Amino acid sequence: MPYKRPTLRQRTHYLWDRFMSFGTPALVSGLFVLSGVIIIIAATYIYFYSADPPEHTFGKILWDSLMRTLDPGTMGGDTGSNDYLGAMLFVTMGGIFIVSALIGVLSNELDQQLEHLRKGRSMVIEKDHTVILGWSPQIHTILSELITANENQKRARIVVLAEKDKLDMEDEFNARVKKKRSKTRVIFRSGSPVDLTDLEIVNPHRARSIIILPPDHGDEDAYVIKVILAITNNPNRHKKAYHIVTQLVDEKNLGVLKTISRRDKVQPILTSDMIARIMTQTSRQSGLSIIYTQLFEFEGDEIYLEDASALAGKTYGDLLNAYEKSAVAGLHQANGNVVMNPLMGTPITSGDQVFAISKDDDTVATSGLQAFPIEERQIQINCEAVEPPAEKALILGWNRSAPTILCELNNYVAEGSTALVVASQDAKKDFKKCAAAADHLDIDFLVGDPTSRQLLDELETEKYEHIIVLSCGDLPIQDADANTLVTLLHLRDIAEHSEIPYSIVSEMLDLRNRQLAEVAQVNDFIVSDHLISLMMAQLSENEHLYDVFTDIFNADGSEIYLKPISDYVTIDQPVNFYTLVEAARRCNQTAIGYRLSANANNAEENYGVHINPHKAETVHFKNGDKLIVLSEI
């Protein structure tokens, strides 16, 4: 087909399209040029061709024409020949068109800019801020905790990047997070954390810490790995190590994270593994979940790191009572080792730091006392470890934490102990692997529905010392919690009729459902996502806590125990905490608090748990009260 030259109309249309493609600046410039052309044409005609001789200079005529362009009403007072009036009418009509078009162009540009801001696509110019990448129900707890942590900061910034509308994120934040009088500003931006261009919006290279939240659907670990790659292999990355806090589901992916983040400090929490360890320990010690929650929250007392070089030459045991307003818990030694509840004779050297539970970082200070008010006559120590008897445990439900729970129970219980798992048929495959690996624990499996009252009656739940109720991992959060509530209510009713006490530990997924579940008077609730969120917030503020969490949740290290007060002191008269700390020290244990049994079911009194009490205050303890200690056994 022979080439056909474009017509003049086609050429003109093409040039117009090119001009319009330059956007608002081109349109405004074009309108100014057109306005100038109209003014010059009118002024030239009046000056050279009008029937009336010009009374003003050419410049004055240009100025008058410009005024009529901007203000059409000015023409109403004009007098003169028809030529002059016609020229002024031409200028005025052109001005009306140009000004109207200019207002429309500027209004449209303003709307576009507002829409751009609404989408949250503008660059964040911040430094030393906390970046949160991703969106899940956990974000509300994390934001609330970080706002609390930054209450004493003059200027704190938190920047959130997620594949969610900016206004929707702001509305959800305002509805779910209780904002305190704080200088912390939360900034939301819309974009994909795995997209390098979107990632630059939140300026992660100048952030002091980065939190990555996996989605609540799909392959969570794959998403986390892709986001970490986008940060650590970014062409704009800085030379310093990034501090990244995240969570993983599969332990096998830990090796992948180490490979892709050799230069950085990436701290992943194995969610199912961590929750399983907490549930296992809590099932054997009622009240432990409350202690963990209080330690992980920024509201109240939390763990701080303080330089102990000034105490060089003393021992760890000497430090325990040296801090009147803080409870010492462990050491971060100069060689990098982290040891919770080390041997009491461990020497303090220059460069060592102490882990202390305190109200704030500025309250971690030695009292300066040379002698402590220890009441020697009240100390009566019973440090002998009692061989635990065989135990019976009942696990109702199944999710990805269940295999680890069974393995952990196997590590803790005496030989001859038994566990019965009641779950759906689908769980039987994973169960067989756990049963084959257990050496202390005999594990049986029963296919059934834990919400069935008839089945629970047939199980004779009163013959079990420990009952663990797991959330179903295959159901939506609210449906899983609803099933858990039904099971708990049945168990509580059975317990009241049998009048035989047994401990019940339950896993909840949504923190808001815990208040509903309290009617069942369960000994301990583990709100899994809430606890993980608290830990992530703590790690983002203090990277050294990662080794602390690893130590206290490891069966081989020192863990938190609740032991009878009567094993340490007499309970016939009040005693101060200095004395309790000293009594625990003589058993190679670190005392960090106590629990009063009289308030064990009182939420307003923190269920009787007192972490880091003032050492000089005296308390009259009773039988059933517990001392909270870090101990090997």
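With respect to (1) farther than 23 Å from Val505 by Cα; (2) surrounded by 12 or more Cβ atoms within 10 Å (Cβ to Cβ), the lone exception for Gly448 is condition (1). Do we have any residue at all in region 248-269 that's of a type in the set (Gly, Ala, Ser) and within 23 Å of Ser136 (Cβ to Cβ)? Checked region 248-269: at least one residue is of a type in the set (Gly, Ala, Ser) and within 23 Å of Ser136 (Cβ to Cβ). Here is the figure for region 177-210: residues that are within 14 Å of Leu146 (Cβ to Cβ) and outside any strand (DSSP E or B) total 8. For region 146-181, a residue qualifies if it is surrounded by fewer than 14 Cβ atoms within 10 Å (Cβ to Cβ) and touching a residue at least 12 places away in the same chain (Cβ under 8 Å), and the qualifying residues are Asn152, Gln153, Lys154, Arg155, Leu167, Lys178, Lys179, Lys180. The condition of being more than 28 Å from Glu559 (Cβ to Cβ) and modelled with pLDDT of 85 or more holds for only one of Leu406, Leu456, that being Leu456. Only one of the numbered conditions (1) among the hydrophobic types (A, V, I, L, M, F, W, C); (2) closer than 30 Å to Asp479 by Cα; (3) buried (at least 18 other Cβ atoms within 10 Å of the Cβ) is not met by Ile592, and that is (2). Filter region 594-633 down to the residues that are on the phi > 0 side of the Ramachandran plot and out of contact with any Leu (no Cβ under 7 Å at 6 or more places or on another chain) and list them by number. Asn606, Tyr607, Asn612, Gly624, listed by residue number. You will find that of Glu559, Glu582, Glu617, the residue that is more than 36 Å from the chain's Cα centre (by Cα), closer than 22 Å to Ser358 by Cβ and surrounded by fewer than 23 Cβ atoms within 10 Å (Cβ to Cβ) is Glu582 and no other.
Please determine whether any residue of region 157-166 is touching a Lys or Arg at 6+ places or on another chain (Cβ under 6 Å) and modelled with pLDDT of 90 or more. Yes, because at least one residue in region 157-166 is touching a Lys or Arg at 6+ places or on another chain (Cβ under 6 Å) and modelled with pLDDT of 90 or more.
Looking at Val575, Val527, Val548, just one residue is touching a Leu at 6+ places or on another chain (Cβ under 8 Å) and either of a type in the set (A, V, I, L, M) or at pLDDT below 90 (or both), and that residue is Val527. Scanning region 588-633 for residues that are under 21 Å from Thr550 (Cα atoms) and touching a Lys or Arg at 6+ places or on another chain (Cβ under 7 Å) turns up Ile628, Val629.
Across region 451-484, the number of residues qualifying as charged (D, E, K, R), in contact with a Phe, Trp or Tyr (Cβ under 8 Å, 6 or more places away or on another chain) and not in a helix (DSSP H, G or I) comes to 1. Inspection of region 412-426 identifies at least one residue that is under 24 Å from Ala482 (Cβ atoms), part of a helix (DSSP H, G or I) and out of contact with any helix residue (DSSP H, G or I) (no Cβ under 7 Å at 6 or more places or on another chain). Evaluate region 423-445: report whether one residue or more is in contact with a His (Cβ under 7 Å, 6 or more places away or on another chain), surrounded by fewer than 17 Cβ atoms within 10 Å (Cβ to Cβ), closer than 19 Å to Ser506 by Cα and not aliphatic (A, V, I, L, M). No. Applying the set (1) of a type outside the set (Asp, Glu); (2) farther than 30 Å from Ser597 by Cβ; (3) buried (at least 22 other Cβ atoms within 10 Å of the Cβ) to Thr280 leaves exactly one unmet item: (2).
Leu248 fulfils the conditions (1) under 19 Å from the mean Cα position of the chain (by Cα); (2) farther than 25 Å from Cys472 by Cβ; (3) not basic (Lys, Arg) except for a single criterion, (2).
Here Val328, Val338 are screened, and the one residue that is in contact with a helix residue (DSSP H, G or I) (Cβ under 8 Å, 6 or more places away or on another chain), over 30 Å from Ala600 (Cα atoms) and of a type in the set (Val, Ile, Thr) is Val338. Residue pairs whose Cβ atoms lie under 6 Å apart, separated by 6 or more positions or on different chains, with the first residue in region 469-495 and within 19 Å of Val421 (Cβ to Cβ) and at pLDDT 85 or above and the second assigned to a helix (DSSP H, G or I) and among the charged types (D, E, K, R), are His490/Arg453.
The values are calculated or read from the model by the stated rules, or taken from the named source; none is laboratory data. The shown structure was predicted, so the numbers you read here are calculated from the model rather than taken from an experiment. Because the Cβ atoms are built from the backbone with ideal geometry, glycine has one as well, and the counts that use them run over all protein chains shown.
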